[in-house]
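Peer 1: Dropping a structure here in structure tokens format, bear with me for questions.
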Amino acid sequence: MKRFKIALALGLLLAVVLTCSFSSFAAVCDEIRTDTLRLHILANSDSEADQQLKLAVRDAILAQEGELFSGSEDKQQALDRAAQQLSRIQQIAEETLREQGCDDPVHVRLTNLYFTTTRYPDTGLTLPAGRYDAVRVEIGEAAGKNWFCVLFPPLCLPAATEKENQYTEEEQMVTEGDYELRFALVEWVEQLREFW
């Protein structure tokens, strides 16, 4: 009986420690989602031609990223800038498609989307699963595979890794750490939120 009580006490202590540790990790994940603006591009279909068009649109938008989003010191400024630039982003996408001989329509909007946990190998960052504000570019039927990156902080381009990381120190510890189990748990919790 005494061993059972000791085991129970140790189990409760471990549960409290893990819960506190996970709670602080999850809170930082919430801050990361709040401080991030993503770019999400959906292809017309999964055909090879449509996927190539998606990548051409991506490249054209990213070539203008500095001009479109420069000067944003925080996410709210990036959101404001994105709202002002939606028609320009649409124009860039449409011109790119027309140059490729494609007349698919393009729709660009600001939205809030669910993303799974994403590791960006070029930057070494991992973003936790959950809902993020995003500039969404839909090409044609928008029924194909997507491509996404981070507009703010500016991480879409490899050169962005040379820019100062605008996440807080706590956020950097999470995004740059190897917390695969914690990220998996956050993703599981966020998926439950999506369904409820």
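Peer 1: Tell me, please, whether a residue that is under 26 Å from Glu170 (Cβ atoms) and in contact with a His (Cβ under 7 Å, 6 or more places away or on another chain) can be found in segment 65-87. Before you say what the answer is, go through the steps one by one.
Peer 2: From segment 65-87, those under 26 Å from Glu170 (Cβ atoms) are 69, 71-82; that's our starting set.
In the following step, the residues that additionally are in contact with a His (Cβ under 7 Å, 6 or more places away or on another chain) were identified as none.
The answer is no; no qualifying residue exists.
Peer 1: Additional query: Taking strands (runs of 3 or more DSSP E) that fall entirely within segment 74-145, which contain at least 3 residues that are touching a residue at least 24 places away in the same chain (Cβ under 8 Å) and within 20 Å of Val57 (Cα to Cα)?
Peer 2: In segment 74-145, the matching strands (runs of 3 or more DSSP E) lie at 106-115, 130-139.
Peer 1: Which one of these is more than 19 Å from the chain's Cα centre (by Cα) and either over 16 Å from Ile41 (Cα atoms) or at pLDDT 75 or above (or both): Glu180, Glu170, Glu176, Glu141?
Peer 2: On the way: Glu180 fails: more than 19 Å from the chain's Cα centre (by Cα); Glu170 fails: more than 19 Å from the chain's Cα centre (by Cα); Glu176 fails: more than 19 Å from the chain's Cα centre (by Cα).
Among Glu180, Glu170, Glu176, Glu141, only Glu141 is more than 19 Å from the chain's Cα centre (by Cα) and either over 16 Å from Ile41 (Cα atoms) or at pLDDT 75 or above (or both).
Peer 1: For segment 112-125, name all the residues that are surrounded by fewer than 19 Cβ atoms within 10 Å (Cβ to Cβ) and in contact with a strand residue (DSSP E or B) (Cβ under 6 Å, 6 or more places away or on another chain).
Peer 2: Listed by number, the residues that qualify are Asn112, Leu113, Tyr114, Thr118, Arg119.
Peer 1: Among the candidates Ala78, Ala82, Ala93, single out the residue that is crowded, with 20+ Cβ neighbours inside 10 Å, small (Gly, Ala, Ser), at pLDDT 95 or above and under 26 Å from Arg33 (Cβ atoms).
Peer 2: Ala93
Peer 1: Working carefully through the options Asp104, Asp133, find the one that is farther than 16 Å from Arg38 by Cα and either surrounded by 13 or more Cβ atoms within 10 Å (Cβ to Cβ) or not small (Gly, Ala, Ser) (or both).
Peer 2: Result of the check over Asp104, Asp133: Asp104.
Peer 1: Give me the residue from segment 47-104 that is basic (Lys, Arg) and under 20 Å from the mean Cα position of the chain (by Cα) and, out of that set, farthest from Cys149 (Cα to Cα). Give the derivation first.
Peer 2: First pass over segment 47-104, keeping only residues basic (Lys, Arg): 54, 58, 75, 81, 88, 98.
Applying the additional criterion that residues be under 20 Å from the mean Cα position of the chain (by Cα) yields 54, 58, 75, 81.
Numbers: Lys54: 14, Arg58: 10, Lys75: 15, Arg81: 17 Å.
So, considering only residues that are basic (Lys, Arg) and under 20 Å from the mean Cα position of the chain (by Cα), the one farthest from Cys149 (Cα to Cα) is Arg81.
Peer 1: Would a scan of segment 56-74 turn up a residue that is surrounded by fewer than 17 Cβ atoms within 10 Å (Cβ to Cβ), closer than 25 Å to Ala26 by Cα and of a type outside the set (Lys, Arg)?
Peer 2: yes
The values are calculated or read from the model by the stated rules, or taken from the named source; none is laboratory data. Computed from a prediction, not measured in an experiment: that's the story for all the values here. Counting neighbours? That spans all protein chains shown, and the Cβs are built from the backbone with ideal geometry, glycine included.
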